[in-house]
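Asks: Please read through the structure below; I'll follow up with questions.
Please treat every number below as a calculation from the coordinates, not as lab data. All figures in this text were calculated on a predicted structure; none of them were measured in a lab. Cβ coordinates were reconstructed from backbone atoms using ideal geometry, including for glycine residues, and neighbour counts include every protein chain displayed.
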Amino acid sequence: MENSNSTTGLKIQLKSKIKPTEDREKVIKAMKNIFTDAEIVVPETDKIYITVEGEAKNIERFKELIRSQAILDTARSVLEKGSKGNYTKFKINKQAAYSEVVNFDKDIHGGIYVKIICSDEDELIKAIKDIAPRTKYGKIINEDEEIENEYENKNKK
């Protein structure tokens with residue numbers, strides 16, 4: 001799948017806590033199932049809880065999954081709700097991600113924290129439109145055309 005211009009300059013930061021009852025490799029696999037190019041760093045530590053962090057640039061698998069699961073409106077809402085300035089942040093369910101499913105519900109294990117960072121606020125708005133475009137009756141719409149059509153229809157009356 002080719003990269004869209006509006007998502008090529010973004011950076012994705014990932015973070016997840018691993019509890020003693022969780023398998024470290026499964027948590028890393030869950031992160032990579034959604035963000036395929038994620039480079040995950042596992043610290044050498046004796047602590048009971050481990051925090052793994054990573055970075056990715058490829059958002060395509062995330063985009064594919066939210067489309068195939070028909071959750072574009074939910075994803076759009078989550079991305080917009082978590083946006084501030086040039087970034088947006090949200091959590092996805094670890095167990096669902098392990099099964100290659102995007103789920104924004106709370107995760108008893110803490111979930112995967114995702115932060116998508118763009119160069120500025122305008123780029124973030126473009127990225128959100130690209131990642132999770134608006135839909136109407138289950139079909140993706142061109143937002144700019146839709147706004148223009150609504151404006152023209154109002155002026156015809």
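Asks: Helix 121-131 versus the longest principal axis of the chain: what is the Cα-based angle in degrees, 0 to 90, to the nearest 10?
Replies: 90 degrees
Asks: Another question, then. For a quick check, take a GNM of the chain with Cα springs below 10 Å and name the residue from Lys19, Lys47, Lys89 with the largest mean-square fluctuation.
Replies: Of Lys19, Lys47, Lys89, the most mobile in the Gaussian network model is Lys47.
Asks: Taking the Cβ of each residue in Tyr49, Tyr137, Tyr113 as the centre, tally the other Cβ atoms inside 10 Å and list the residues starting with the fewest. Please list the in-between numbers first.
Replies: Numbers: Tyr49 11, Tyr137 5, Tyr113 16.
In increasing order of surrounding Cβ atoms, one gets Tyr137, Tyr49, Tyr113.
Asks: Ok, one more. Would you list Val27, Val78, Val41 from fewest to most Cβ contacts within 10 Å? Each step should come with its number before you reach the end.
Replies: On the way: Val27 25, Val78 22, Val41 9.
In order of increasing Cβ crowding within 10 Å: Val41, Val78, Val27.
Asks: Here's something else I'd like to know. Of the residues Gln69, Gln13, Gln95, which exhibits the maximal mean-square fluctuation in a Gaussian network model of the chain defined by a 10 Å Cα contact cut-off?
Replies: Maximum among the listed residues: Gln69.
Asks: I need Arg61, Arg67, Arg24 ordered by Cβ neighbour count within 10 Å, fewest first. It would help to have the intermediate numbers written out before the result.
Replies: Working: Arg61 19, Arg67 15, Arg24 12.
Listed from fewest to most nearby Cβ atoms, that is Arg24, Arg67, Arg61.
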